[in-house]
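Right, one structure below, let's go through it.
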Amino acid sequence: MGSRRGDLPPGPPTVPVLGNAHIFPTKQAHVQFTQWAKVYGDIYSLMVGDQVMVILSNPRLVQELLDHRTATTSDRPPVHILDVIAHGLVVPMMRYGELWKDFRRVLREILSREACARHLPIQRAEATQLMYDLLKQPENFFTDIRRYSSSTILSAVFGLRCPRYSDSYISRFFTVQRDLSFIVGPGAIPPVDIFPVLKYVPERWASWKTMAKNIKKVHRKLWYDLLDVIEKRVVEGRRQGCLMEDIWDNQEQFNFNREKMAYIGSNMLEAGSDTTSMFLQSFIAFITAHPEVQRRAQAEIDDVIGPSRSPSFEDWDSLPYLQAIVKEVHRLRPITPSLIPHRTTADERLDQYMIPKGSTVFVNVWGINYDPAAFDEPEKFDPDRFLRSEFGTRDGADDTGRRHDLVFGCGRRFCPGMEFATNSLRINTMNLLWAFNFGLAKDDAGKPIPIDLNDMTDGLLLTQNPYKCVVEPRSQRHADIIRTNYAAARGLFAQFEQELTPDEKKYVEEW
């Protein structure tokens with residue numbers, strides 16, 4: 001108990017019973033994982049009780065174990081807290097088995113490239129409102145981005161939208177998502193999955209149990225409220241053509257009861273909103289802190305698009321420098337810096353080491369992206385690196401197994417919503433640079449307030465904490481086009497606004 005077998009990958013020294021549990025990072029785990037990789041190599045192990053944890057910090061090893069041996073590496077480690085809160089119905093963390101296959105099959109079908117193409121109009125329209133919101137209330141850019149990303153996926157999945165952030169499904173969602181991300185993050189609760197006896201500690205001595213109970217109540221209320229909207233709309237014959245209506249029509253074929261329908265809707269909203277907004281918040285932080293990059297990207301956009309129209313999805317392939325910026329932000333700020341861990345269901349050998357059945361495998365994306373053997377000055381924001389080489393790596397670097405979409409997962413656990421998310425990132429990064437100048441805010445004395453790019457959230461997902469910046473339209477012509485596009489989008493929005501509250505309807509009229 002707690003000791004490391006001789007054929008396991010090396011790792012930090014262990015102590016009896018605990019192994020490495022006493023030094024397992026409870027905050028910013030990816031940073032510690034990367035520090036250990038410098039000492040113990042691209043593959044090392046931690047012992048937590050009798051559980052083996054393997055950390056991979058090399059894309060070749062990730063490809064060989066998780067992409068090529070999916071039959072034995074597609075499981076997830078047990079997460080007791082999610083069983084308590086969501087009855088285990090969170091697809092990204094769901095155990096590998098028939099239930100996961102059922103959910104995955106449905107998600108792949110309704111989030112295919114062809115299916116996502118149906119939702120490009122609402123994605124573009126919502127991106128138009130984001131520009132309009134920034135034009136009218138630039139100081140609220142942080143929450144405006146959250147509204148955009150969540151309203152877009154809410155429209156596609158549930159056929160309804162939120163024209164404002166406050167007092168909406170979106171504000172409720174982000175409250176739930178923030179608390180859920182925290183409680184499943186490393187160190188938020190005692191290691192009950194490693195030491196099951198901790199599950200039986202009375203609630204008065206285990207505050208995490210009270211927290212989980214409260215999250216569950218709010219969590220389920222939100223998802224069932226949204227499902228009620230779908231049921232009422234279908235019964236009344238007011239279909240929108242959204243994804244949840246398709247699931248409702250085929251619930252018997254999918255073998256879905258009411259609970260499964262509620263949670264598959266929640267999974268799509270959780271996966272498609274938080275991650276998109278987090279990327280865009282980091283994107284703005286980097287281009288604001290690096291005005292020379294911003295100006296160069298705007299010059300490229302002006303050459304391709306010009307000031308007489310806003311960007312379209314078709315413009316993306318003609319903007320190589322903007323593509324490089326997006327890749328560099330993904331490299332420096334991977335949304336899931338350690339991915340969601342895998343679990344092996346059989347013994348595997350990787351290089352000279354044994355990976356025993358039941359091992360938890362972390363992909364240290366942060367360490368891979370900041371590897372000085374692969375990247376020149378890995379801490380530096382340098383989009384040009386992706387113009388010099390396909391993966392931004394230095395001359396002579398070994399790119400075996402390296403890919404741009406690692407942040408979306410590995411093997412059979414690859415995110416089925418990548419197409420939808422990619423479309424959102426493309427239209428918004430083009431729009432933001434076409435429409436606005438982003439500058440540093442100033443204090444009362446008129447001095448610029450620098451953005452601390454290292455001030456990041458903690459938990460499973462990683463992004464910038466709220467910061468201030470100045471958002472201004474690039475010209476009056478740009479502002480006029482933004483207003484015209486928003487007015488034109490109102491017709492499309494109307495079909496998704498049947499269920500707005502009276503207060504929301506009043507807000508739309510005034511806005």
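The values are calculated or read from the model by the stated rules, or taken from the named source; none is laboratory data. For clarity, every value in this text was computed on a predicted model and none was experimentally measured. Glycine also receives a Cβ, built like all others from the backbone with ideal geometry; neighbour counts cover every protein chain displayed.
Can you give me the ranges of the helices (runs of 4 or more DSSP H) entirely in the stretch 60-148 with at least 2 residues that are of a type outside the set (S, T, N, Q)?
Those helices (runs of 4 or more DSSP H) span 80-86, 98-110, 113-117, 120-136.
For residue 271, all conditions in the list (1) in contact (Cβ under 8 Å) with a residue 40 or more places away in the chain; (2) on the phi > 0 side of the Ramachandran plot hold save one; what is the number of the exception?
Only one criterion in (1) in contact (Cβ under 8 Å) with a residue 40 or more places away in the chain; (2) on the phi > 0 side of the Ramachandran plot is unmet by residue 271, namely (2).
Okay, residues lined up against (1) farther than 25 Å from residue 345 by Cα; (2) of a type in the set (Phe, Trp, Tyr); (3) free of Cβ contacts under 8 Å to residues at least 40 places away in the same chain; (4) surrounded by 21 or more Cβ atoms within 10 Å (Cβ to Cβ):
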{"residue": "94", "(1), (2), (3), (4)": "no, no, yes, yes"}
{"residue": "120", "(1), (2), (3), (4)": "yes, no, no, no"}
{"residue": "123", "(1), (2), (3), (4)": "yes, no, no, yes"}
{"residue": "133", "(1), (2), (3), (4)": "yes, no, yes, yes"}
{"residue": "144", "(1), (2), (3), (4)": "yes, no, yes, yes"}
{"residue": "147", "(1), (2), (3), (4)": "yes, no, yes, yes"}
{"residue": "153", "(1), (2), (3), (4)": "yes, no, no, yes"}
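Please specify each residue of the stretch 452-503 satisfying the condition of being among the β-branched types (Val, Ile, Thr) and at pLDDT 95 or above.
470, 471, 481, 482, 484
Name every residue in the stretch 122-148 that is under 23 Å from residue 233 (Cβ atoms) and either over 22 Å from the mean Cα position of the chain (by Cα) or among the small types (Gly, Ala, Ser) (or both), in order of residue number.
If the condition is that a residue be under 23 Å from residue 233 (Cβ atoms) and either over 22 Å from the mean Cα position of the chain (by Cα) or among the small types (Gly, Ala, Ser) (or both), then 125 is the only one that fits.
Out of all the residues in the stretch 321-357, which are crowded, with 20+ Cβ neighbours inside 10 Å, farther than 27 Å from residue 378 by Cβ and small (Gly, Ala, Ser)?
None; the set is empty.
Against the conditions (1) over 30 Å from residue 338 (Cβ atoms); (2) free of Cβ contacts under 8 Å to residues at least 24 places away in the same chain, where does residue 418 fall short? Just the number, please.
Of (1) over 30 Å from residue 338 (Cβ atoms); (2) free of Cβ contacts under 8 Å to residues at least 24 places away in the same chain, only one is false for residue 418: (1).
For (1) at pLDDT 90 or above; (2) under 26 Å from residue 76 (Cβ atoms); (3) among the small types (Gly, Ala, Ser), each residue gets a yes or a no:
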{"position": "101", "(1), (2), (3)": "yes, yes, no"}
{"position": "107", "(1), (2), (3)": "no, yes, no"}
{"position": "115", "(1), (2), (3)": "no, yes, yes"}
{"position": "130", "(1), (2), (3)": "yes, no, no"}
{"position": "142", "(1), (2), (3)": "yes, no, no"}
{"position": "145", "(1), (2), (3)": "yes, no, no"}
{"position": "150", "(1), (2), (3)": "no, yes, yes"}
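Hey, can you tell me all the residues within the stretch 357-403 that are farther than 25 Å from residue 41 by Cβ and not basic (Lys, Arg)?
381, 382, 383, 384, 386, 387, 390
Restricting to the stretch 48-95, name every residue that is at pLDDT 95 or above and under 20 Å from residue 417 (Cα atoms).
Step one: filter the stretch 48-95 for residues at pLDDT 95 or above, giving 52-76.
Residues satisfying the conditions are 66, 67, 70, 74, 75, 76.
Test residue 197 against the stated conditions and say whether it is out of contact with any Cys (no Cβ under 9 Å at 6 or more places or on another chain) and buried (at least 20 other Cβ atoms within 10 Å of the Cβ).
When the stated conditions are applied, residue 197 does not pass them.
Which residues, taken from the stretch 165-174, are out of contact with any Ser or Thr (no Cβ under 7 Å at 6 or more places or on another chain) and either aromatic (Phe, Trp, Tyr) or surrounded by fewer than 21 Cβ atoms within 10 Å (Cβ to Cβ) (or both)?
166, 167, 169, 171, 172, 174
State whether the residues of the stretch 24-35 include one that is modelled with pLDDT under 95 and closer than 17 Å to residue 348 by Cα.
No, because not a single residue in the stretch 24-35 is modelled with pLDDT under 95 and closer than 17 Å to residue 348 by Cα.
List, please: which pairs have Cβ atoms under 9 Å, are six or more places apart or on different chains, and start with a residue in the stretch 384-404 that is free of Cβ contacts under 8 Å to residues at least 40 places away in the same chain and surrounded by 15 or more Cβ atoms within 10 Å (Cβ to Cβ) and end with one that is in a loop (DSSP other than H, G, I, E, B) and of a type in the set (Lys, Arg)?
Every condition considered, the pairs that remain are 391/402; 391/403; 393/402.
Taking the condition of being in a helix (DSSP H, G or I), among the β-branched types (Val, Ile, Thr) and over 24 Å from residue 261 (Cβ atoms), how many residues in the stretch 184-236 meet it?
Let us first name the residues in the stretch 184-236 that are in a helix (DSSP H, G or I), namely 184, 196-200, 203-205, 207-235.
Subsequent filtering for residues that are among the β-branched types (Val, Ile, Thr) retains 184, 197, 210, 215, 218, 229-230, 234-235.
From what's left, over 24 Å from residue 261 (Cβ atoms): 197, 210.
Total meeting the criteria: 2.
Of the conditions (1) under 21 Å from the mean Cα position of the chain (by Cα); (2) over 30 Å from residue 95 (Cα atoms); (3) in a loop (DSSP other than H, G, I, E, B), residue 395 clears all except one; give me its number.
Result: residue 395 passes all but (1).
Would you mind telling me which numbered condition in (1) over 19 Å from residue 334 (Cβ atoms); (2) surrounded by fewer than 15 Cβ atoms within 10 Å (Cβ to Cβ); (3) at pLDDT 95 or above; (4) of a type outside the set (A, V, I, L, M, F, W, C) residue 3 fails?
Condition (3) is where residue 3 drops out.
Conditions (1) at pLDDT below 95; (2) in contact with a helix residue (DSSP H, G or I) (Cβ under 7 Å, 6 or more places away or on another chain), marked per residue:
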position: 266; (1), (2): yes, yes
position: 295; (1), (2): no, no
position: 311; (1), (2): no, yes
position: 316; (1), (2): no, yes
position: 326; (1), (2): no, yes
position: 331; (1), (2): no, yes
position: 357; (1), (2): no, no
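Restricting to the stretch 457-511, and then to whatever is closer than 26 Å to residue 169 by Cβ and among the acidic types (Asp, Glu), can you tell me which residue is nearest to the chain's Cα centre (by Cα)?
Looking at residues that are closer than 26 Å to residue 169 by Cβ and among the acidic types (Asp, Glu), I get 458.
With the stretch 411-511 as the region, which helices (runs of 4 or more DSSP H) entirely inside it contain at least 3 residues that are hydrophobic (A, V, I, L, M, F, W, C) and surrounded by 15 or more Cβ atoms within 10 Å (Cβ to Cβ)? Write out each step before concluding.
Values: elements: 418-435, 476-494, 502-510.
The helices (runs of 4 or more DSSP H) meeting that bar are 418-435, 476-494.
Considering only residues that are touching a residue at least 40 places away in the same chain (Cβ under 8 Å) and assigned to a loop (DSSP other than H, G, I, E, B), look in the stretch 358-374 and name the one that is surrounded by the most Cβ atoms within 10 Å (Cβ to Cβ).
364
Restricting to the stretch 66-93, count the residues that are farther than 18 Å from residue 212 by Cβ, within 19 Å of the chain's Cα centre (by Cα) and aliphatic (A, V, I, L, M).
Looking only at that region, the number is 1.
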